[in-house]
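Q: After the structure tokens below, expect a handful of questions from me.
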Amino acid sequence: MHTYVSLVADAPAQLLPARELMAFTLASHIILVPLGVALPFLTLVMHYRGLRRHDATALLLARRWSAVMAVQFAVGVVTGTVLSFEFGLLWPGLMGRWGDVFGIGFGVEAWAFFLEAVLIAIYLYGWRRLKPRTHFLLGLPLPATALLGAFGILAANSWMNTPQGFSLDAAGRPVDVNVWKAIFTPMFGPQYWHFVVAMLMTAGYMVAGVYAVGWLRGRRDRYHRLGFAIPFTIASIAAPVQMVLGDSIARSVFHKQPVKFAAMEIVWKTDTRVPEYLYGRLHPDGSISGGIKIPLLDSVLAGFRPDTKVVGLTSVPASERPTATQATIAHWAFDTMVFIGTALLLLALCYGWIWLRHRRLPESKWFYRGAACAGVASVVAVECGWVATEVGRQPWIVYQNMRVAEAVTSTRSTTLWIMFGLVLVVYVFVFGSLLTVLLKMRARWRLADEQQAAHAPEADTPYGPRTAPQAGDILTSGTGGRPRDGRP
């Protein structure tokens, strides 16, 4: 306990507000990331189905999803820009000393961002203006640019977890930078693919959850069935893959960052035959209260054998490991992520079983209630994954090379708290505006569908002239109130 108090006392006053501000902005931004990374892929899958099967409903869904994609991207620009500024403003020690080593990842992400902005604009413009095949082909690079952006960010973060690709001079400055080694670190592969599949899975469940709510409210037409089936199927395929990738990255952490693994599993002393704790709280003296203890399981999970040695937190000095509170936070976040992932896998297996057996969608209300909650649960799991990754690495901002306290700004803590308050107000406005826009889009689309119900809305495709209007019909959605006369 005395060691913990001394560590807190030695920390600069700016550290707490800087960390809280960074944590808030990152947690807010990551809500948008799954749609930013994976919604282009989901949209193009639906677009392809519409073109291949001449399915007007699928094309209508693809067009509407592309509008959501653009709105989400615009908001993501705001939150992502704030994060990029915070790296320089809050952590000048990190960027000033190590920017030449791992900054290439941010450069890649910036290029991907500009390219994605151009491609989204072209894709949106192409509806009703380009030939169907040309329009679809122009949209094909969108998922690749989204993955390229994720590549840049994950390259930087994985380097912070397992830094390499440089040498240190006599003054401790990095020299002789090897860009390829700095990008492709030992943690990059497991972390990148775990992240990408998580985004695909989360976006699929988020989109499907919207239509699951519609199903529960009685809207069971083909539009809602297709809007649910495609993204949920993709998420269900990703779920078992994600469990394998999750196990892979946990083993990578076990081998490459043993102290972080000890924090995530609240292992105090290095030992074999280590038990697994489901939740539970680690105390500064190494004791654990609460939770469910399962004998031997941690060693078995780490090395497939009970006699596998698991490194404990006390293997390094107190100044080089997470505190008991930080370890507990990382442990709870990790357990929550695993439990949510397991629940989503079971939901996916249930869906797959019904489809393979009966070739139809499930009919149980409980299934759709679970599907409606799956999107929110997936976002919570993503948040927990980042908490486990970042908190478990403490006190290092660059693992075993620079502590967080060494990288923080010298700006007064009062100024940082004021900045935090301003960012909080701005983000409430930004996310409130996003929600308002999405709800208005939903209401406009629903009104358009109701007005077209009399003359087969599923026959109106987003290519070529629209269906011939009846006298007095005015389309109030998507044409700015102009008559439905086939004009764009």
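Q: What distance in nm lies between label points placed 7 Å from Cα along the C-beta direction at F429 and L140?
A: My value for the distance between the label points is 4.3 nm.
Q: Which percent of the accessible area of the chain is formed by carbon and sulfur heavy atoms (probe 1.4 angstrom)? Numbers along the way, then the final one.
A: Details: 15350 of 23270 Å².
Answer for the chain is 66 percent, counting heavy atoms of protein chains only.
Q: Sticking with this one: So, in nm, how far is label V179 from label H283 when the simple model puts each one 7 Å beyond its Cα toward the Cβ?
A: Between V179 and H283, the simple spin-label model gives 5.4 nm.
Q: Measure out, as a whole number of angstrom, how far apart the alpha-carbon centroids of the range 205-273 and the range 46-103 sit.
A: Each part reduced to its Cα centre gives a spacing of 20 Å.
Q: Looking at the square roots a ≥ b ≥ c of the eigenvalues of the Cα gyration tensor of the range 105-243, which shape do they give, rounded for a/c under 1.5, prolate if a/b is larger than b/c, or oblate?
A: oblate
Q: Right, something else. Using 19 Å as the Cα-Cα cut-off, could you pick out the over-long pairs in K181/K309; K260/K309; K365/K440; K269/K293? Before the final figure, lay out each step's value.
A: Details: K181/K309 29 Å; K260/K309 15 Å; K365/K440 27 Å; K269/K293 16 Å.
Flagged as over cut-off: K181/K309; K365/K440.
Q: Write down the accessible area per residue of the chain in Å², having rolled a 1.4 Å probe over the full set of protein chains.
A: Working: 23270 Å² over 488 residues.
Here the residues of the chain average 48 Å² of exposed surface.
Q: Using a 1.4 Å probe on the protein heavy atoms only, what accessible surface does K293 show? Give it in Å² to the nearest 10.
A: 120
Q: A follow-up question, please. Does the range 380-446 come out rounded, prolate or oblate, given a ≥ b ≥ c as the square roots of the eigenvalues of its C-alpha gyration tensor, rounded meaning a/c under 1.5 and, failing that, prolate meaning a/b above b/c?
A: oblate
Q: Give the distance, in whole Å, between the Cα centre of the range 420-435 and the Cα centre of the range 288-333.
A: Comparing the Cα centres of the range 420-435 and the range 288-333, I get a distance of 38 Å.
Q: In µm²/s, what is D for the range 62-160 at 20 °C and 1.002 mPa s, where D = kT/(6 pi eta Rh) by Stokes-Einstein and Rh is the Kirkwood radius from Cα pairs?
A: Values: Rh = 14.9 Å.
This corresponds to a translational diffusion coefficient of 144 µm²/s.
Q: By the scheme Lys and Arg +1, Asp and Glu -1, what is the net charge of all other residues having a beta-carbon under 14 Å from that of V437?
A: Net of charged neighbours comes to +4.
Q: Here's something else I'd like to know. How far apart, in nm, are two points set 7 Å out from the Cα along the Cα-to-Cβ line at L124 and at S413?
A: 4.4
Q: Same structure, new question: On a 0 to 90° scale, report how tilted helix 365-392 is relative to the longest principal axis of the chain, with both axes built from alpha carbons and the result rounded to the nearest 10.
A: 30
Q: For the range 1-139, what is the convex hull volume of the alpha-carbon atoms per residue, in Å³?
A: Each residue corresponds to 140 Å³ of Cα convex hull volume.
Q: While we're here: Keeping all protein chains in the complex and leaving out DNA, RNA and ligands, what accessible area do you get for T270 with a 1.4 Å probe, in Å² to the nearest 10?
A: So the heavy atoms of T270 present about 60 Å² to solvent.
Q: A further question follows. Pairing the Cα long axis of helix 56-90 with the longest principal axis of the chain, what angle in degrees results, from 0 to 90 and rounded to the nearest 10?
A: So the helix axis and the longest Cα principal axis differ by about 30 degrees.
Q: Using a 1.4 Å probe on the protein heavy atoms only, what accessible surface does K365 show? Give it in Å² to the nearest 10.
A: Accessible area, nearest 10 Å²: 110 Å².
Q: Then there is this: Ordering C373, C350, C384 from largest to smallest accessible area (1.4 angstrom probe), what's the sequence?
A: Correct descending sequence by accessible area is C373, C350, C384.
Q: Whole number please: convex hull volume per residue, Cα atoms of the range 263-407, in Å³. Could the numbers behind the result be given before it?
A: Working: hull volume 20.9 nm³, N = 145.
Taking the convex hull of the Cα positions in the range 263-407, it is 144 Å³ per residue.
Q: Angle between the Cα long axis of helix 141-161 and the longest principal axis of the chain, 0 to 90 degrees, nearest 10?
A: So the helix axis and the longest Cα principal axis differ by about 10 degrees.
Q: Separate question: Taking 0.36 nm per residue of separation and subtracting the Cα-Cα distance, what length does fully extending K131 through D247 add?
A: Answer, rounded to one decimal: 37.3 nm.
Q: Pop the C-beta distance of F339 and Q451 into the FRET formula with R0 = 60 Å and round what comes out to the nearest 0.05.
A: With a Förster radius of 60 Å, E is 0.85.
Q: Could you estimate the translational diffusion coefficient of the range 65-105 from the Stokes-Einstein equation, with Rh from the Kirkwood formula over C-alpha pairs, at 37 °C and 0.692 mPa s, in whole µm²/s?
A: It comes out at roughly 278 µm²/s.
Q: Follow-up. Using the Cα gyration tensor of the range 215-320, with a ≥ b ≥ c the square roots of its eigenvalues, what is the shape: rounded (a/c below 1.5), prolate (a/b larger than b/c) or oblate (neither)?
A: prolate
Q: Still on this structure: By how many nm would the segment from R305 to L422 grow when fully extended, if each residue of separation counts as 0.36 nm and the alpha-carbon distance is taken off?
A: Separation in residues times 0.36 nm, less the Cα-Cα distance, equals 36.9 nm.
Q: Principal axis lengths of the chain from Cα atoms, whole Å, largest first?
A: 82, 49, 40
Q: Further question: Set the Förster distance to 51 Å, then compute FRET efficiency between A171 and R220 from the Cβ-Cβ distance, nearest 0.05.
A: 0.15
Q: Something else about it: If I stretch the segment between R444 and F24 completely, what's the gain in nm (0.36 nm per residue apart, minus their alpha carbon distance), one decimal?
A: Numbers: separation 420, 0.36 × 420 = 151.20 nm, distance 3.27 nm.
Computed gain between R444 and F24 is 147.9 nm.
Q: Determine the distance separating the Cα centre of the range 113-132 from the Cα centre of the range 339-372; give it in Å without decimals.
A: Here the two parts' Cα centres lie 35 Å apart.
The values are calculated or read from the model by the stated rules, or taken from the named source; none is laboratory data. Bear in mind the structure is a predicted one, so any value in this text is a computation, not a measurement. Here the Cβ is made from the backbone with ideal geometry for all residues, glycine too, and neighbour counts use every protein chain on show. Remember, those area values only see protein heavy atoms, side chains included, never the ligands or the DNA or RNA. Shrake-Rupley method; radii C 1.70, N 1.55, O 1.52, S 1.80 Å.
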